[in-house]
Amino acid sequence: MKKRVTIALAIAAATSLFADAPAAGDTLIKKAKAAGLAPIPSDKAALMKLIDNPKNPVTDAKVALGKKLYFDPRLSKSGIISCNTCHNLATGGVDGIPAAIGHKWTANPHHLNSPTVYNAVFMSRQFWDGRSPDLEDQAQGPMQAAPEMAITKEMAVERISSMPAYVKAFKEVYGDDKITFKRIADTIGAFERTLVTPSPFDKFLQGDENALNDAQKEGLKVFIDKGCVSCHTGVGLGGSMQPFPVAKPYKYANIGDFKGDKNGMVKVPTLRNITETAPYFHNGAVWSLSEAIKIMGETQLGVTLDDKEVNAIKTFLTSLTGEKPKIEYPQLPAVTEKTPRPDAN
């Protein structure tokens with residue numbers, strides 16, 4: 001009897017010990033959060049608070065209008081290039097080529113790659129040199145840029161104002177008939193703010209320890225321990241301005257002439273949906289995700305990642321592939337006799 005009691009007490013003590021000890025997944029979740037990683041909120045109210053712009057409130061009507069403008073090629077001089085041309089929502093929010101191609105088949109003069117528009121709302125700055133503070137300001141740039149959409153503010157306003165359906169929609173959104181270039185860009189920005197893609201990684205950070213498999217969890221550990229989170233952090237796993245390169249010259253720096261902002265700072269791209277957004281880096285010089293990871297280790301962290309570590313990080317990154325919003329291609333308002341004609345020259 002005494003022996004059975006002793007065994008029973010031992011089992012009880014062991015059970016209590018394991019009950020009090022945090023699970024491995026829970027420990028990793030805490031480690032990830034302590035490293036600065038944060039999930040896309042699953043609660044709609046919390047998400048809206050995070051993505052909304054008090055200066056340009058997101059409303060259903062504004063988002064619906066913004067979607068039409070986003071897909072409307074008539075906001076380009078030629079009438080054939082839309083925001084979706086370079087930030088294609090069907091292909092990871094990018095165009096899938098090294099350097100963006102715009103008006104008159106012109107490649108970006110600095111050989112800059114188009115960043116994804118998905119989750120861009122979580123970036124603290126926009127453009128590779130961080131010159132825009134938000135999506136609304138950013139939306140004004142490509143429309144006017146000669147190598148991109150090449151339209152003038154005046155022509156953009158004239159085209160949109162010439163279509164009664166657009167005039168009616170703007171009045172419903174803003175309460176008056178005034179259509180300005182800023183309002184066009186603000187409306188596009190409001191739509192872009194809704195393009196977030198929650199992923200298994202978000203579920204994991206929210207407490208679902210089974211949202212990631214063992215290989216993805218191991219990759220997350222390597223990702224944190226090697227210091228990748230020093231730049232790829234927050235909800236967007238990127239978005240801040242950081243010096244580039246840091247520890248070693250970037251091996252493809254000769255492709256294009258981009259050097260960052262005046263201080264050599266470059267916007268950190270988001271890692272969300274990274275498996276869908278090749279080629280990589282500001283100049284789109286690298287097609288292999290494994291090579292990109294290895295280069296980042298050498299260039300930014302000053303470490304040589306072995307194949308096992310590279311594969312582990314790459315496996316973790318697959319957990320960042322998120323669920324895309326359902327986007328139905330909009331039917332756009334018809335032009336009228338007053339609509340300025342396209343100009344491909």
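Among the numbered criteria (1) surrounded by 21 or more Cβ atoms within 10 Å (Cβ to Cβ); (2) under 30 Å from A99 (Cα atoms), which one does F204 miss?
(2)
For region 79-194, which helices (runs of 4 or more DSSP H) that fit wholly inside it have 2 or more residues that are out of contact with any Asp or Glu (no Cβ under 8 Å at 6 or more places or on another chain) and over 22 Å from R341 (Cα atoms)?
Values: elements: 83-86, 135-144, 153-161, 164-174, 181-192.
Once the helices (runs of 4 or more DSSP H) in region 79-194 are filtered for at least 2 residues that are out of contact with any Asp or Glu (no Cβ under 8 Å at 6 or more places or on another chain) and over 22 Å from R341 (Cα atoms), what remains is 135-144, 164-174, 181-192.
Out of region 96-109, which residues are more than 26 Å from A190 (Cβ to Cβ) and more than 21 Å from the chain's Cα centre (by Cα)?
Residues satisfying the conditions are K104, W105, T106, A107, P109.
Mind telling me which of the residues D129, D186 ends up being surrounded by fewer than 23 Cβ atoms within 10 Å (Cβ to Cβ) and among the charged types (D, E, K, R)?
On the way: D186 fails: surrounded by fewer than 23 Cβ atoms within 10 Å (Cβ to Cβ).
Unique residue meeting the criteria: D129.
Applying the selection to region 287-312, what residues are surrounded by 21 or more Cβ atoms within 10 Å (Cβ to Cβ) and either at positive phi or within 19 Å of the chain's Cα centre (by Cα) (or both)?
Passing the criteria: I293, M296.
Please enumerate the residues belonging to region 209-226 that are in contact (Cβ under 8 Å) with a residue 12 or more places away in the chain and part of a helix (DSSP H, G or I).
Looking only at region 209-226, we keep the residues that are in contact (Cβ under 8 Å) with a residue 12 or more places away in the chain, and these are 209-212, 215-224, 226.
Those that are in contact (Cβ under 8 Å) with a residue 12 or more places away in the chain and part of a helix (DSSP H, G or I): A215, Q216, K217, E218, G219, L220, K221, V222, F223, I224.
One residue is enough: does region 247-259 have a residue meeting the conditions assigned by TED's automatic domain parsing to the domain that holds L37 and under 21 Å from the mean Cα position of the chain (by Cα)? Quick ask: steps written out before the conclusion?
The initial filter retains those residues of region 247-259 that are assigned by TED's automatic domain parsing to the domain that holds L37, namely 247-259.
Restricting the remaining residues to those that are under 21 Å from the mean Cα position of the chain (by Cα) gives 258.
Yes, region 247-259 contains a residue that is assigned by TED's automatic domain parsing to the domain that holds L37 and under 21 Å from the mean Cα position of the chain (by Cα).
Could you give me the residue pairs with C-beta distances under 7 Å whose first residue belongs to region 90-105 and is more than 16 Å from L289 (Cβ to Cβ), whose second residue is at pLDDT below 95 and not small (G, A, S) wherever it lies, and which are 6+ apart or on separate chains?
From region 90-105, no pairs qualify.
Which residues, taken from region 253-276, are surrounded by 18 or more Cβ atoms within 10 Å (Cβ to Cβ), out of contact with any strand residue (DSSP E or B) (no Cβ under 7 Å at 6 or more places or on another chain) and free of Cβ contacts under 8 Å to residues at least 60 places away in the same chain?
Those that are surrounded by 18 or more Cβ atoms within 10 Å (Cβ to Cβ), out of contact with any strand residue (DSSP E or B) (no Cβ under 7 Å at 6 or more places or on another chain) and free of Cβ contacts under 8 Å to residues at least 60 places away in the same chain: L271, I274.
Can you tell me which residue within region 58-78, out of those that are within 23 Å of the chain's Cα centre (by Cα) and not in a helix (DSSP H, G or I), is nearest to A90 (Cα to Cα)?
Taking the candidates together, the pick is D72.
What residue, among those in region 33-49 that are over 11 Å from D202 (Cα atoms) and surrounded by 15 or more Cβ atoms within 10 Å (Cβ to Cβ), is nearest to the chain's Cα centre (by Cα)?
That would be L47.
The values are calculated or read from the model by the stated rules, or taken from the named source; none is laboratory data. Remember, it's a predicted structure, so these values are computed and weren't measured experimentally. All Cβ positions, glycine included, derive from the backbone under ideal geometry; neighbour counts span all protein chains shown.
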